[in-house]
Amino acid sequence: MNSGKGFKSGFVAVVGRPNVGKSTLINALIDDKIVIVSDKAQTTRNRIVCVYTDEKKQIVFMDTPGIHKPKHKLGEFMVDQAVDSLREVEAVLFVVAANEKRGPGDNFVIEQLRKVNVPVFLIVNKIDTMEKQDLLEAIVSYENSYPFEAVVPISAKEKDNIEEVVNLLERHLPEGPKYFPDDMITDQPERLIISDIVREKILLQTHDEIPHAIAVDVDEMKTRDDGTTYIRATIYVERDSQKGIIIGKQGAMLKLIGKQARADIERLLATKVFLDLWVKVKKDWRNKSGMLSELGYRN
């Protein structure tokens, strides 16, 4: 692929309140699993760059933490990351859930969008859960609140109308260079992706028992003589009771989490993996700046 005359490129911020499907949308757009997906709100913590490249264009998507009222230092970090992503981009995708009424969280995001001088597209997700009339009412509610460049109803989960989002962005992006190599789909280090995969499996398996008081740090990663990749990771929780839940009876829960995470990691690395998981208690880690910095939550 050549990024000559006529080639378009640009950075696109994907914003919205927590749990509206931003990460699922980005995974559908780049047709790969890079961003952690869970039915829990606030699963994306770092601003993640994912790259879509074809013969005509390169779109650099910046997935952001859901914008919400922060309750601790980690929450403040997440909101700062989301708002910062609105600067120096060529376009913004504002993702909302069609099956939920516009609320204070959406209105807060809209207020941030008023400071933006680039095209903002309203992406109405989860249309597979809606009747047509209800969907139209939801769209009108948002259209009355902000002068969106365009509105695209989609189902990120079913990949409905995803191509229209890409085509729309291509029409609005300027001519520009190729910022990343053709085969690159994320700027995130492998260790960060691996830690997010493990965290996703914890959220999926523990449901409401473990909220967001978990973090995963990859302590060691090396290739063994037999070609397998050894990965040692620590799961941090805030209370002893949470540690017990993650380990489970006779270690069953931790074993299940490890099995599911290993399968995804092996697909990511294209090699056999030995995943060694440990669980440690770090009380109130989400309010400790030093701990947040250690775990990669840096501005």
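Bear in mind that the values in this text are calculations on the coordinates, not laboratory data. The structure presented is a predicted model; accordingly, all values stated were derived computationally and were not measured. Glycine also receives a Cβ, built like all others from the backbone with ideal geometry; neighbour counts cover every protein chain displayed.
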FRET efficiency estimate (nearest 0.05) - Cβ-Cβ, L268 to E143, R0 35 angstrom: 0.30
Distance violations [Cα-Cα > 21 Å] among K222/K272; K126/K201; K126/K178; K255/K280: K126/K201; K126/K178
Sites Q250 and A150, calculated FRET efficiency, Cβ-Cβ separation with R0 41 Å, nearest 0.05: 0.15
Distance histogram in 5 Å bins (all Cα pairs of the stretch 90-241, percent per bin): 1, 7, 12, 12, 13, 14, 14, 13, 8, 4, 2, 1, 0
